[in-house]
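Comments concern the structure below.
The values are calculated or read from the model by the stated rules, or taken from the named source; none is laboratory data. Because the structure is a prediction, the values reported are computed rather than measured. Cβ coordinates were reconstructed from backbone atoms using ideal geometry, including for glycine residues, and neighbour counts include every protein chain displayed.
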Amino acid sequence: VGVGPGKVCITKLKTGFGTGGWQLSALKWCARVATKPIIADGGIRSHGDIAKSIRFGASMVMIGSLFAGHEESPGKTVEVEGEMFKEYYGSASDFNKGEYKHVEGKRILEPIKGKLANTLIEMEQDVQSSISYAGGKKLMDIRKVNYVILGGDNAGEHLLM
């Protein structure tokens, strides 16, 4: 579930379809009728978003920008004004395709974040904390929580869920 909310996705701007923000509402409604596992795709900007996606029905999440910028991440390493960055670009970008045709992605520079293993450990620990705050011991215990507090751009859309 997800069209357009990825950090390097410009589908909404180019086509008028999708959303510029995280699609928690769409995830919730799809999960109510789904007969197959659901992948929450796009808009995952923090480790807490993983837990919220699971809470509202995702079986798994697709992550791009949280993994971009690591030493092991694809893309060239670029120096800008003495700071190191990694290229990160959408699969539908002209940069990835090699031509400007049906472009729905862009290229950005992500600050170097070090080793991916360190981020994965932190991500695991944060999700484990989410499970604990939900009063559980297993990942699916997150689904038993009947509230989620959101702030920022998504607050108005999800306050009453």
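List of remarks:
- Residue count for the range 43-60 satisfying the condition of being within 8 Å of the chain's Cα centre (by Cα), surrounded by fewer than 17 Cβ atoms within 10 Å (Cβ to Cβ) and not in a loop (DSSP other than H, G, I, E, B): 0.
- The range 61-74, subset assigned to a loop (DSSP other than H, G, I, E, B) and free of Cβ contacts under 8 Å to residues at least 24 places away in the same chain, residue surrounded by the fewest Cβ atoms within 10 Å (Cβ to Cβ): PRO74
- Figure legend. Inter-residue proximity from the range 119-132: first residues part of a helix (DSSP H, G or I), second residues hydroxyl-bearing (Ser, Thr, Tyr), beta-carbon distance below 6 Å, spacing 6+ or different chains. No pairs are indicated.
- Flag for VAL33 being hydrophobic (A, V, I, L, M, F, W, C), surrounded by fewer than 16 Cβ atoms within 10 Å (Cβ to Cβ) and out of contact with any Leu (no Cβ under 7 Å at 6 or more places or on another chain): yes
- Subset of the range 26-44 [touching a residue at least 12 places away in the same chain (Cβ under 8 Å) and either among the hydrophobic types (A, V, I, L, M, F, W, C) or closer than 24 Å to GLY136 by Cβ (or both)]: ALA26, LEU27, LYS28, CYS30, ALA31, ARG32, ALA34, PRO37, ILE38, ILE39, ALA40, ILE44
- Condition check for LEU27: closer than 22 Å to GLN128 by Cα, at pLDDT 90 or above, touching a Ser or Thr at 6+ places or on another chain (Cβ under 8 Å) and crowded, with 16+ Cβ neighbours inside 10 Å: no
- Listed by first and then second residue, the pairs with beta-carbon distance under 9 Å, at least 6 apart or on different chains, first residue in the range 7-25 and under 19 Å from LEU66 (Cβ atoms) and of a type in the set (Phe, Trp, Tyr), second assigned to a strand (DSSP E or B) and at pLDDT 75 or above, are TRP22/ALA40.
- The lone exception for SER91 - which of (1) at pLDDT below 90; (2) buried (at least 17 other Cβ atoms within 10 Å of the Cβ); (3) over 21 Å from ASN146 (Cβ atoms) it fails: (2)
- Of all the criteria given as (1) touching a strand residue (DSSP E or B) at 6+ places or on another chain (Cβ under 7 Å); (2) surrounded by 21 or more Cβ atoms within 10 Å (Cβ to Cβ), the one not satisfied by ILE39 is (2).
- Any hit, the range 14-37, residues being part of a strand (DSSP E or B), of a type in the set (A, V, I, L, M, F, W, C) and closer than 25 Å to ARG107 by Cα: no
- Positions within the range 110-141 being loosely packed, with under 11 Cβ neighbours inside 10 Å and touching a Lys or Arg at 6+ places or on another chain (Cβ under 8 Å), in sequence order: GLY135
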